[in-house]
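Colleague: What follows is a single structure, and I will ask about it in a moment.
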Amino acid sequence: MLHKYLKIVLGCFLASIGLYMLKSTELVTGGTAGLSLGFSYLLSLPFGVVFFLVNIPFYIFSFVRMGWRFTVTTIAAVSILTLFTFLHPLYPAIALPSIIASVAGGLIIGFGLIILFANQASLGGANILALFLQKRFNTNPGTVNFIFDFCVVLLSLYSVGLVKGIYSIVSIAVTSFVISYFKEKFAKPTPKPQPNPAPAAQAAK
């Protein structure tokens with residue numbers, strides 16, 4: 001269990017680094033994280049507070065459809081990511097071109113999400129929906145994530161503008177590609193080792 005939660009912390013840390021890179025150029029990402037980032041720009045509220053509140057309805061859905069264990073680890077992951085984002089003012093300032101920030105940020109967020117998915121956790125919102133649809137209908141979680149994220153970015157155009165919105169779409173496309181590429185890592189359970197039949201056969205002889 002300790003090993004699992006250490007991996008969840010690592011996944012949240014990577015996601016927070018990706019978000020920090022996007023925030024440094026005022027870009028948004030998808031899911032409830034992107035929605036919260038857009039609201040935080042628009043309302044001048046801390047991202048962590050908005051992110052936690054936006055996820056509450058999805059916690060209820062997760063509890064009903066995905067079970068309490070997944071819900072607890074998801075709430076833990078969202079809380080850990082929220083704490084990491086409160087530390088963003090302490091991170092060193094970075095100045096990156098928007099295209100580099102969008103690709104690098106999307107890539108790092110994608111790897112963070114893969115680590116979380118592989119350990120039965122998520123960052124709420126579209127992650128919960130994508131994993132539920134994959135479990136129920138065998139859909140591609142990367143595709144579901146991209147559709148939801150694309151809608152979120154469109155809603156965020158008012159707060160970030162058209163050009164930054166396009167860069168944000170590049171970011172979610174990179175994240176969705178990473179999820180789609182590695183989806184087999186968390187889609188199939190690890191096979192249990194089979195007992196060696198040799199000793200039993202020898203004993204029979």
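The values are calculated or read from the model by the stated rules, or taken from the named source; none is laboratory data. If you're wondering where the values come from, they're calculated on a predicted model, not measured in any experiment. Note: ideal-geometry Cβ built from the backbone for every residue, glycine included; neighbour counts use all protein chains shown. Heads up: the accessible areas ignore ligands, DNA and RNA and are worked out on the full protein's heavy atoms, side chains in. Shrake-Rupley method; radii C 1.70, N 1.55, O 1.52, S 1.80 Å.
Colleague: Test Ile80 against the stated conditions and say whether it is free of Cβ contacts under 8 Å to residues at least 40 places away in the same chain, aliphatic (A, V, I, L, M) and part of a helix (DSSP H, G or I). Steps first, answer last, please.
Modeller: Details: free of Cβ contacts under 8 Å to residues at least 40 places away in the same chain: no; aliphatic (A, V, I, L, M): yes; part of a helix (DSSP H, G or I): yes.
No.
Colleague: Of the residues Ile128, Ile109, Ile115, Ile99, only one is touching a Phe, Trp or Tyr at 6+ places or on another chain (Cβ under 8 Å) and crowded, with 20+ Cβ neighbours inside 10 Å; which? Quick ask: steps written out before the conclusion?
Modeller: Working: Ile109 fails: touching a Phe, Trp or Tyr at 6+ places or on another chain (Cβ under 8 Å); Ile115 fails: touching a Phe, Trp or Tyr at 6+ places or on another chain (Cβ under 8 Å); Ile99 fails: crowded, with 20+ Cβ neighbours inside 10 Å.
Every option except Ile128 fails the conditions.
Colleague: Please specify each residue of the range 47-74 satisfying the condition of being surrounded by 15 or more Cβ atoms within 10 Å (Cβ to Cβ), in contact (Cβ under 8 Å) with a residue 40 or more places away in the chain and not aromatic (Phe, Trp, Tyr).
Modeller: Matches in the range 47-74: Val54, Asn55, Ser62, Arg65, Met66, Thr73, Thr74.
Colleague: Scanning the range 20-37 for residues that are part of a helix (DSSP H, G or I) and in contact with a Phe, Trp or Tyr (Cβ under 8 Å, 6 or more places away or on another chain), which turns out farthest from Leu155 (Cα to Cα)?
Modeller: Filtering first and then ranking leaves Tyr20.
Colleague: Among the residues in the range 151-168, are any small (Gly, Ala, Ser), open to solvent by 20 Å² or more (accessible area, probe 1.4 Å) and part of a helix (DSSP H, G or I)? Spell out how you get there, then give the answer.
Modeller: Residues of the range 151-168 small (Gly, Ala, Ser): 156, 159, 161, 165, 168.
When the remaining residues are screened for being open to solvent by 20 Å² or more (accessible area, probe 1.4 Å), the result is 159, 161.
Retained after the next criterion (residues that are part of a helix (DSSP H, G or I)): 159.
Yes.
Colleague: Would a scan of the range 8-23 turn up a residue that is open to solvent by 80 Å² or more (accessible area, probe 1.4 Å), more than 13 Å from the chain's Cα centre (by Cα) and either within 15 Å of Ile80 (Cβ to Cβ) or touching a residue at least 60 places away in the same chain (Cβ under 8 Å) (or both)?
Modeller: Within the range 8-23 (the criterion being open to solvent by 80 Å² or more (accessible area, probe 1.4 Å), more than 13 Å from the chain's Cα centre (by Cα) and either within 15 Å of Ile80 (Cβ to Cβ) or touching a residue at least 60 places away in the same chain (Cβ under 8 Å) (or both)), the answer is no, since none of the residues qualifies.
Colleague: If you don't mind, another one. List every residue pair whose Cβ atoms sit under 7 Å apart, with the two residues 6 or more apart in sequence or on different chains, where the first one lies in the range 91-112 and is over 15 Å from Asp149 (Cα atoms) and in contact (Cβ under 8 Å) with a residue 40 or more places away in the chain and the second, anywhere, is assigned to a helix (DSSP H, G or I) and open to solvent by 50 Å² or more (accessible area, probe 1.4 Å).
Modeller: These pairs meet every condition: Ser98/Lys164; Ser98/Tyr167; Ile99/Tyr167.
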